[in-house]
Every structure is written in C-alpha cells, then in structure tokens.
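To start, the structure itself, in structure tokens.
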Amino acid sequence: MVRTALLSGLTASALFQTALAGLYGESNLNHTCAIVKNELSCSAKAVPGLVDSCCAETFGGLVLATQFWSTWTGLESEGQLLPKNSWTLHGLWPDFCNGSYTQYCDLSRQYDPLPSPKTTTGTPDGTPVPPYTGPGIGTFLETFGKFDLLAWMNKYWIAQAQPNQDFWGHEFSKHATCFSTFDTECYGPTYKQHEEVVDFFTTAITFFQRLPTFAWLAADGIKPSNTTSYTLSSIQASLSARHGGLPFVGCTGPRYNTTAAGKGSLDNGFTQFSEVWYYYHVAGRPQRAEGVPVDAGSYRTNCAKAEGAVWYYQRARGSETCVR
C-alpha cells in the first residue's frame with residue numbers, strides 16, 4: 001500500500017501487473033522469507049496462491065541431490081582430477097511432486113554450451129535450446145569475489161570429457177531455472193545479475209556436504225575395488241539407513257546378462273556403480289537445505305540385482321588427486 005502511494009501515476013492494478021514478472025508469478029518486490037512459514041514442498045499448502053513461491057518451492061517440489069562416481073575425467077592432462085575418498089557433485093534437480101520433470105525453463109538464463117537435450121522437452125516439437133557462447137559460468141562467481149567457491153567446485157564438482165564450468169552451466173540452465181525459488185524476481189528490487197547462480201551453486205553444495213556417500217558406504221565395508229563386487233541390495237541398505245529414504249542407485253557399463261558371470265540370466269541391469277540420487281521434500285526455500293528425506297519413486301535403480309553383480313571400481317591411475 002505504501003509503495004503504491006509513493007508511485008504516483010501508477011494504479012494499484014498497474015503496479016500489480018508490473019510486479020508479477022516472474023516465470024511462476026513471483027513479484028520483483030520484496031520477499032522476506034524469514035517471516036513466511038516454511039511450508040513443506042509437495043504438501044497441500046505449498047501451492048501458488050497459498051504461499052509465496054519465492055519462499056516455498058511450488059514448482060519442482062521433489063528435490064533430488066545427485067552425485068557421481070567416475071573413474072576418470074578425460075582432462076587429466078589439464079589438471080581436472082577427481083577428489084580422493086569422495087564422490088563428486090552432479091547437481092540439484094527440481095522434479096514435480098509426481099516424479100515427472102521439466103528442463104531449460106528460462107532460456108534467457110541459458111549458459112549451457114552443449115544443451116542436452118537440444119530442446120526444452122527433449123522431443124522434436126520442443127523449443128530449441130540455443131548453445132551458449134558467452135564467457136564460462138565460472139566467471140560469474142569471480143564477479144562476486146567467490147574464488148573460494150570456485151576452487152571448491154573445481155575440486156568436487158567435476159565433469160567428465162568436458163571442462164568443469166561447461167558442466168556447471170548445463171546443471172544451472174537445465175535444472176536451476178526450473179525452481180520457483182531461484183527465479184530472479186525472488187531476489188527483489190536490489191537483484192544483481194547472476195546472484196541466483198551463486199545461490200544455486202552454494203545450495204547444491206550444502207546438500208552434497210550433508211550426504212557423504214563415500215564415507216557411508218565405506219563404514220559398511222563397501223569400498224572401491226577392482227577385485228571385489230557387491231550386491232545392489234547391500235548398497236541400497238547402507239545408503240537408506242543413513243539418508244532416511246531409499247535413493248536411486250544408478251549404474252553404467254555392460255548389462256549383467258551380457259557378461260560371463262551373468263550368462264543365461266534374465267537380469268539385464270547394468271553392472272558399474274556410478275550414481276546416487278537422494279530425494280527430499282524441502283522445508284521452505286531449497287536454499288535452507290532442510291527437509292524430509294523420501295524414497296525414490298518407481299524408478300529406483302537400473303543396476304543388476306543378482307548377487308555380486310555390481311562393480312564399484314577404483315579410480316584410474318592418475319585420475320585422482322593426491323592426499324595432502
């Protein structure tokens with residue numbers, strides 16, 4: 001009301017229309033989330049109109065904190081190495097509450113040099129995603145003086161077969177733009193360009209640091225090995241007990257029934273342990289990194305289920321940082 005009075009010549013209706021500029025209807029005025037109740041995403045109250053979409057995730061309320069286990073980077077000669085005794089950060093994804101998802105929701109914030117998929121829907125009838133040709137997204141952090149953040153990301157947020165910052169640009173553009181809470185309007189009238197990029201990266205890191213996959217598995221005797229294989233159920237049990245929800249466990253490599261050990265089996269799951277997705281309903285903004293762990297949906301694994309069918313391989317020689 002006070003703001004309307006100060007802006008002579010603008011009716012309340014015109015002001016409202018001007019303010020509602022966000023992708024999800026958020027205003028570009030103030031959003032002081034500390035005074036808003038932290039509604040749990042995917043709950044009956046976490047919907048636009050009942051809560052500020054900048055203060056509660058109303059669009060992608062099923063939040064996935066995802067991690068990789070890679071054995072090489074492809075850019076070792078350039079110093080792009082994997083951290084010892086740690087998985088690496090993949091991203092932070094906003095799925096819909098029913099488990100479906102969207103991607104590349106704001107092409108004005110498209111910083112991915114090699115968009116994948118190439119359209120917003122992943123199908124030919126989707127809007128083409130233009131490849132980004134500007135300065136790497138890492139330079140956005142430098143503008144804010146976040147050199148410590150940049151150094152951390154170059155240690156733990158590692159790409160495979162591409163420069164790290166190209167991968168970071170992909171993760172932001174494909175996923176971060178689909179959160180209601182990272183929309184630029186949520187940062188209010190004093191928003192600085194790329195502020196939400198820094199915010200998204202630090203949020204993804206906070207989730208990652210609370211999910212020490214390597215240590216959790218090692219505590220149960222599940223360690224990288226080129227001579228000992230594991231059973232999917234033991235990996236799931238180890239991670240579920242500590243996270244509080246059953247994560248998605250992902251594998252790559254050959255299918256079990258194409259290997260010598262699985263010859264004649266009907267189990268066509270993959271055999272090389274490579275990824276974990278932890279699921280949450282978040283309390284208030286994802287930036288708080290608080291919420292309730294939940295089980296993965298019907299798609300819980302693509303790994304082989306046979307006894308001893310999963311390999312958790314050691315890193316390739318020269319692909320891992322030295323212990324200091």
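The values are calculated or read from the model by the stated rules, or taken from the named source; none is laboratory data. Bear in mind that the values here come from a model prediction, so they are computed numbers and not experimental data. Note that each Cβ is placed from the backbone with ideal geometry, even for glycine, and that neighbours are counted across all protein chains shown. Note: accessible area is taken over every heavy atom of the protein model, side chains too, but ligands, DNA and RNA are not part of it. Shrake-Rupley method; radii C 1.70, N 1.55, O 1.52, S 1.80 Å.
Average 1/r across all pairs of distinct alpha carbons in the chain, invert it, and you get the Kirkwood radius: 21.3 Å.
Taking the longest Cα principal axis of the chain as reference, the axis of helix 147-156 is set at about 30 degrees.
Note that the chain presents 48 Å² accessible area per residue, ligands and nucleic acids not counted, probe 1.4 Å. Cα centroids of the stretch 81-139 and the stretch 172-189: 13 Å apart. Just the protein heavy atoms count here, and of the accessible area of the chain at 1.4 Å, carbon and sulfur take up 54 percent.
For residue 136, what charge total do you get from the other residues with a beta carbon under 15 Å from its beta carbon, if Lys and Arg give +1 and Asp and Glu give -1? Walk me through the intermediate numbers first.
On the way: positive: 109, 146; negative: 78, 112, 142, 166, 171.
Local charge sum for residue 136: -3.
Within the listed set 264, 297, 122, the residue fluctuating most in the Gaussian network model of the chain (springs between alpha-carbon atoms under 10 angstrom) is 264.
Work out how much length residue 108 to residue 316 would gain on full extension: take 0.36 nm times their residue separation and subtract the Cα-Cα distance, in nm to one decimal.
Working: separation 208, 0.36 × 208 = 74.88 nm, distance 3.90 nm.
Working it through step by step, the gained length comes to 71.0 nm.
When the pairs 118/192; 118/305; 223/305 are compared against a 26 Å limit on Cα-Cα distance, 118/192; 118/305 fall above it.
Cβ distances below 4.7 Å define possible disulfide partners, and in the chain the cysteines left without one are 322. Between the Cα long axis of helix 164-175 and the first principal axis of the chain there is an angle of about 60°, rounded to the nearest 10.
Only helices enter the 222 nm calculation for the chain: every DSSP H run of n ≥ 4 contributes -39,500 (n - 2.57), and dividing by all residues gives -6500 deg cm²/dmol, rounded to 500.
Over the stretch 217-288, the pair-distance histogram of Cα-Cα distances with 5 Å bins from zero comes to 3, 14, 19, 22, 16, 12, 7, 4, 2, 1, 0 percent, rounded to whole numbers.
What is the extension gain from residue 118 to residue 155, computed as 0.36 nm multiplied by their sequence separation minus the C-alpha to C-alpha distance, in nm to one decimal?
Working: separation 37, 0.36 × 37 = 13.32 nm, distance 2.84 nm.
Contour length minus Cα-Cα distance gives 10.5 nm.
For the stretch 109-213, the fraction of C-alpha pairs farther apart than 21 angstrom is 38 percent. The angle between the Cα long axis of helix 232-243 and the main principal axis of the chain comes to about 40°, on a 0 to 90 degree scale.
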